[in-house]
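Visitor: Before I ask anything, let me first share the structure, which is written out below as C-alpha cells.
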Amino acid sequence: MSKRNLALFSATMVSVIYGLTFTIAKDVMPSYILPFGFILLRVTGAVLLFWAVSFLGPKEKILLADFPRIVAAAFFGVALNMLTFFKGLSLTSPISAAVIMVTTPIIVLILSSILMKEKMKKKKIIGIILGLVGTVFLIVFGKSIGYATHAELGNLLVFINAVSYGCYLILVKKLMDKYNAFTFVKWIYTFGFLMVLPFGWNEFQAIEWHDIPTNLYWKIGFVILFSTFFTYLLNLLSMRELKPTTVAVFIYLQPLFAAIIAVGLGKDELTWVKISAAILIFVGVYLVTHKNPAEIDS
C-alpha cells in the first residue's frame, strides 16, 4: 500500500470511528453516565494518553506568547466543543447529530472570510445559504424516535459544537505551522481538562459504576481511546500525505456511516425531514468545497 493510499485509509477510518461514536456514546448516556461526566472521563483519558506519548515528537519549547492561542484552542476545541456535542447528542438522535456536523466546513469558510478576510465566490455563498437552511430545517423539524428526548435543543447544541470546532480549526492552524502536533496537543487537552472539570465533576461523582452493564465498559473505553486519541493520531498520519482540505472532505462520510450503523442497530430511523436536510447540506457543502479543474492543485 502506497503512502497516499495509507493516508486515505487513515482518513476513512477516522470517519468510521466517528460514525460509530454517535451510536456508541448514545448507548452510554444519559442512561448510565450523564453527558458532562462522560466528557470529563474522555478528556482525562486523552490528557493522560497524549502526555504519555508526547516523547514521540521533537523536543520543542512553546513560546509564552503562544499560550493564549493554546488556551483559546482548548476552549473551542475541547471544552465548548465537547460539552455541547455530548449534551446535544444525549438529547437528539445519532443521524441528526451527524448530519449537522457536516456544516463544519461551511462554518470554517464563513469564519475564514470574517477573521482572515478571505474572499468568497458566488457559488460558495449559495452553498453556505443552502447548508445553513438545511441545518435550520433539521434543528426545527428533525424529530426522532425514542432516543431523542429533546431533539430541537439537542440539534441546536450540536450546531454550536460545529461552530466551536470551526473556530478551533482556525485558531490551531498557526500552531500547526509553528510546532509539531505532539508539542501543543497535550497542552490543549490539559487546559481543556481544567475547563471541563467544573462542569463534569458532579456528574462524574454521580456515576453508579456497579450499575453499568459490563458490555458498556468497552464502549466507554472506545470513546476515550479511539474517538479521541486514535482519531487524532490517524489524522496526523493522513495529513502527512494529504492536504488539510482533502482530509476535511472525509467529514462528509460521517453521516453516511452514522446512518448505516444507527439504522442497522435499530437506534434511529430515516425520515423525509432528515433526508431533505441532508440533501440541502450536502449540496451546500459540495458547492463550497468543489473546485474547477483549473483550481485543483492536488
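The values are calculated or read from the model by the stated rules, or taken from the named source; none is laboratory data. Please read all numbers here as calculations on a predicted model, not as lab measurements. Counting neighbours? That spans all protein chains shown, and the Cβs are built from the backbone with ideal geometry, glycine included. Only protein heavy atoms, including side chains, enter the accessible area calculation; ligands, DNA and RNA are left aside. Shrake-Rupley method; radii C 1.70, N 1.55, O 1.52, S 1.80 Å.
Visitor: For segment 204-222, which positions are part of a helix (DSSP H, G or I), β-branched (Val, Ile, Thr) and open to solvent by less than 90 Å² (accessible area, probe 1.4 Å)? Outline the logic, then answer.
Guide: Residues of segment 204-222 that are part of a helix (DSSP H, G or I), as a first pass: 204-205, 209-211, 214-222.
Checking which are β-branched (Val, Ile, Thr) leaves us with 214, 220.
The one that is part of a helix (DSSP H, G or I), β-branched (Val, Ile, Thr) and open to solvent by less than 90 Å² (accessible area, probe 1.4 Å): 220.
Visitor: Now a separate question. Considering every residue within segment 171-194, establish whether at least one is touching a Ser or Thr at 6+ places or on another chain (Cβ under 9 Å), part of a helix (DSSP H, G or I) and more than 30 Å from residue 58 (Cβ to Cβ).
Guide: No, every residue in segment 171-194 fails to be touching a Ser or Thr at 6+ places or on another chain (Cβ under 9 Å), part of a helix (DSSP H, G or I) and more than 30 Å from residue 58 (Cβ to Cβ).
Visitor: Any chance segment 99-112 includes a residue that's touching a Leu at 6+ places or on another chain (Cβ under 6 Å), modelled with pLDDT of 85 or more and over 21 Å from residue 261 (Cα atoms)?
Guide: No, there is no match, as no residue in segment 99-112 is touching a Leu at 6+ places or on another chain (Cβ under 6 Å), modelled with pLDDT of 85 or more and over 21 Å from residue 261 (Cα atoms).
Visitor: Can I ask one more? For residue 262, state whether it is farther than 27 Å from residue 121 by Cα and either at pLDDT 65 or above or not β-branched (Val, Ile, Thr) (or both). Write out each step before concluding.
Guide: Values: farther than 27 Å from residue 121 by Cα: yes; either at pLDDT 65 or above or not β-branched (Val, Ile, Thr) (or both): yes.
For residue 262, the condition - farther than 27 Å from residue 121 by Cα and either at pLDDT 65 or above or not β-branched (Val, Ile, Thr) (or both) - is met.
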